[in-house]
Amino acid sequence: MQSNTLYIASLEPEAGKLVVTLGVMEFLTRTIGNVAFFRPVIDTDRATDPDIDLIRGRYCPAMSYEECYGFEASEVKTFVAEGRFKYFLEELINRLNTLKEKYEFVLCQGLNSTSFLSAFEQDINMEIAKNLGCPFVGVINGMNQTPRDIAKEIQISADAIKESGCSHFATFVNRMSEDTLGVLEVELDDPDETLGTPVFLLPENEELDKPSLADINEALGCKNVLGQDDGMDKIVKRFKIAAMTMEHFLSHVEDGDLIIVPGDRNDVVLASFSTLLSKDYPNIAGILLSGGFYPGENTMRLLAGRDDGIPLLSVKSDTYTTTKNVAAVPALINPGDERKIALALGLFEEHVDSEQIRKMAELTSTPQTVTPVMFEYGLFERARQVKKHIVLPEADDDRILRATEILLRRNVVDITLLGNPTEILAHAASHGLDISDAAIIDPSDSKYTASFVHTFYQLRKHKNMTLAGAHDALSNFSCFGTMMVYKGLADGMVSGAVHTTADTIRPALQIIKTSPGISVVSSVFLMCLDTRVLVYGDCAVNPAPTATQLAEIGISSADTAATFGIEPRVAMLSYSTGASGKGADVEKVREATAIAREKRPDLLIEGPIQYDAAIDPAVAKTKMPDSKVAGRATVFIFPDLNTGNNTYKAVQRSSGAIAIGPILQGLNKPVNDLSRGCLIPDIINTVAITAIQAQSIQQ
């Protein structure tokens, strides 16, 4: 069975997400069984995370504590300050995927409101959920809010989740008054129609909102004076300071009070316990002695003989400090606190439709959202599946060496560098780089050179190539690397950090040649937008393709998209949509579309079509309502290099998209070109892409 995920997060402080987490986890473990719990970020102010202790102990004891979280909040703050947030997201994806291999469902719980500033916390929760591909379940605090305020908050939250790019699965409004809940149940009678996602309403429960004596005991480090454990699970509804005389104090006692009193006030201590003997007085929860004092010897003898389940606790701090510390104790649901756990589960089950939770459990594991981080992570994972051997002919460039070290450390590919081994190793050592796992071949002194020269001569002698000319050509490292790919000594080549595009493509055309049925080598860019990846072609190679070439570019681009897990829906772009326009440029695109459809009837191809109609469902509904591509295109074929190159750069610069490429396509074996201004991540991504192309060609 495939793994599913959900991400539960508070959309504001003190919303009570643990109640929702408990309820969903209870249902999942009953219906699925093999469920994992994961917190991407935990606080660092406690020895262990209380939510992990509770959920892990109750529902997934086989998990180790370390498996249940990604990072501590202090680490994430450092990542953000150092500009390493992408690394943080990649590591989370890796850890979540490890859990998904072992469990049928992974329930994720977001950051606590104390981890970051509240506004940033909401953003980071959505960013994490989006990049993990988890449907988002938001929890809103409905306490002290009117029905109108809550309805507005639900809509604002829904808009924010949609704007973030998350898949919004449900919203819970927690801690509501019964009156407000009743009004909203009527107003939100059909939330699917108004918001598109279910809304669940949970009332406030006083006991869940109050700490127990055990919580206070642990938080303040109290001493249990009488050593009796009975009654520690009692809920402290209020705390009262006994600063009056006994007579006046007794008139203020209420049910569930914790009495805070100096330890030497024997009269108040005895009076507090005596309330249990009278039907006219409420039952207190416990007594907390301040100042480090104990009642007198005879009073203690009286108390020691009791059996009424009222704990007597003591702290050394003065009454004022003790009161302040008690007020700061949070209302937790701790492991073993069966009363609170039962209250929380009962509340959830009474007010939440189990059928909707069943739908949660049946969520598809394939996320509709694909972020740049998810896509790049997926590249590495796919490259590792069947590890390929890539040759890099520009080992004299620092960027190539740094990328090589990263690729080898991450076990993405095997690498051969071209150049003088002594010089390359010395160059790497001078920069503190470890490239010892890379093979290094010197083309000027290689056992392969003679064979390569002869092969190149045979391939090109019909073009008047001489043996001497072949020898000179093979002194070019890009040509030597291309011959390694041709001979099967490497699965692919990446070049261009130093050399021109022509230096990379020319040997590939001369030696490797194009795939059957393809007459033109073209290129695409993988455009990683915030929540999806699109394919743009051709933006780097062919200045003015003919209709036939444009059709081949569309077909090659569709196959490239499929190679990288993108469902190909091809838009052949023009300044006109459908039959509305005329002119030579439009006719070329119309003819190219017809050719492509004839060659590959299995592909969804539309053209001519304008960009807005291809990408925007609302525009498509007006311009091409019956098209299977319009409004849903994933592959965009530009009519010429001028249009394609300018468009990809405009989208890249104006939207912040990551443009991976150019990726060459149409060759028998993969060779890819780098920009001379490329960065180290560009090299790493291109090498991974080349490895995946090599896997695809072998299949």
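The values are calculated or read from the model by the stated rules, or taken from the named source; none is laboratory data. No experiment lies behind these values; they were computed from the predicted model shown. Because the Cβ atoms are built from the backbone with ideal geometry, glycine has one as well, and the counts that use them run over all protein chains shown. The protein model used for the area step is the full one, side chains on, heavy atoms only, and it has no ligands, DNA or RNA in it. Shrake-Rupley method; radii C 1.70, N 1.55, O 1.52, S 1.80 Å.
Ignoring ligands and nucleic acids, what accessible area does residue 453 show with a 1.4 Å probe (Å², nearest 10)?
In the full protein context, residue 453 sits at about 10 Å².
Between (1) 33.8, 117; (2) 30.7, 118; (3) 27.2, 88, which matches Rg and Dmax of the Cα atoms in Å calculated for the structure shown?
Calculated Rg and Dmax of the Cα atoms in Å: the matching label is (1).
Report, to the nearest whole %, how much of the accessible area of the chain belongs to carbon and sulfur atoms, 1.4 Å probe, protein only. Could you put the intermediate results ahead of the total?
Numbers: 15220 of 30480 Å².
Accessible surface attributable to carbon and sulfur in the chain totals 50 percent.
Using the structure shown, select from 513/588; 130/623; 77/210; 162/388; 461/669; 100/152 the pairs with a Cα to Cα distance greater than 28 angstrom.
In this structure, 130/623; 77/210; 162/388; 100/152 exceed 28 Å between Cα atoms.
Kindly provide the chymotrypsin sites (Phe, Trp or Tyr not before Pro) of segment 30-95 that DSSP labels as loop, not H, G, I, E or B, and whose Cβ sees at most 12 other Cβ atoms within 10 Å. Display every interim value, and only then the final one.
Details: sites: 37, 38, 59, 65, 69, 71, 79, 85, 87, 88; in loops: 65.
Loop-located and lightly packed - 65.
May I ask for the net charge around residue 498, where only other residues with Cβ less than 13 Å from the Cβ of residue 498 are counted and Lys, Arg are +1 while Asp, Glu are -1?
Numbers: positive: 399, 676; negative: 394, 396, 397, 398, 503, 673.
The answer is -4.
Over segment 517-579, consider all pairs of different Cα atoms and compute the Kirkwood hydrodynamic radius from their mean reciprocal separation; express it in Å, one decimal. The partial results should precede the final answer.
On the way: mean 1/r = 0.0799 Å⁻¹.
Hydrodynamic radius (Kirkwood, Cα pairs) of segment 517-579 is 12.5 Å.
For the chain, what does the relative contact order come out to in percent, with C-alpha contacts under 8 Å and a separation of six or more?
This gives 11 percent for the chain.
How high is the relative contact order of segment 499-593, in percent, counting Cα pairs under 8 Å that sit 6 or more residues apart?
21
Heavy atoms only, 1.4 Å probe, whole protein assembly: order 252, 427 by accessible area, highest first.
Largest accessible area first, the list is 252, 427.
With a cut-off of at most 13 other beta carbons within 10 Å, and DSSP calling the residue loop, which trypsin sites (Lys or Arg not before Pro) in segment 427-493 qualify? Please list them.
On the way: sites: 447, 460, 461, 463, 487; in loops: 447.
Passing both the DSSP loop test and the Cβ count: 447.
Can you list residues from other chains, or at least 5 along the same chain, whose modelled amide H is less than 5 Å from the amide H of residue 496?
674
Taking the solvent-accessible surface of protein heavy atoms with a 1.4 Å probe, what is the per residue accessible area of the chain in Å²?
Accessible surface, normalised per residue, equals 44 Å².
Ignoring the sites themselves, what is the longest stretch of the chain with no GluC sites (Glu not before Pro) in a DSSP loop and at most 14 other beta-carbon atoms within 10 Å?
With GluC sites (Glu not before Pro) excluded where exposed in loops, the chain gives 363-699 as its longest stretch.
Can you list the HN-Hα couplings for segment 581-593, worked out from phi with the Karplus curve (6.51, -1.76, 1.60; θ = phi - 60°), rounded to whole Hz and with x for Gly and Pro?
x, 9, x, 4, 5, 5, 5, 4, 5, 5, 5, 4, 4
Using only alpha carbons, build the gyration tensor for segment 242-299 and give me the equivalent ellipsoid semi-axes, biggest first, whole Å.
In descending order the semi-axes read 18, 11, 11 Å.
Specify whether the C-alpha gyration tensor of segment 1-156 places it in the rounded, prolate or oblate class, a ≥ b ≥ c being the square roots of the eigenvalues: rounded for a/c under 1.5, otherwise prolate if a/b is larger than b/c and oblate if not. The partial results should precede the final answer.
Numbers: a/c = 1.58, a/b = 1.14, b/c = 1.39.
Cα axes put segment 1-156 in the oblate bin.
Report the local net charge at residue 178: Lys and Arg +1, Asp and Glu -1, summed over other residues whose C-beta lies under 11 Å from its C-beta.
Neighbour charge sum, excluding residue 178 itself: -3.
What is the sum of charges, Lys and Arg at +1 and Asp and Glu at -1, for the other residues whose Cβ falls under 13 Å from the Cβ of residue 460?
With Lys, Arg at +1 and Asp, Glu at -1, the net is +3.
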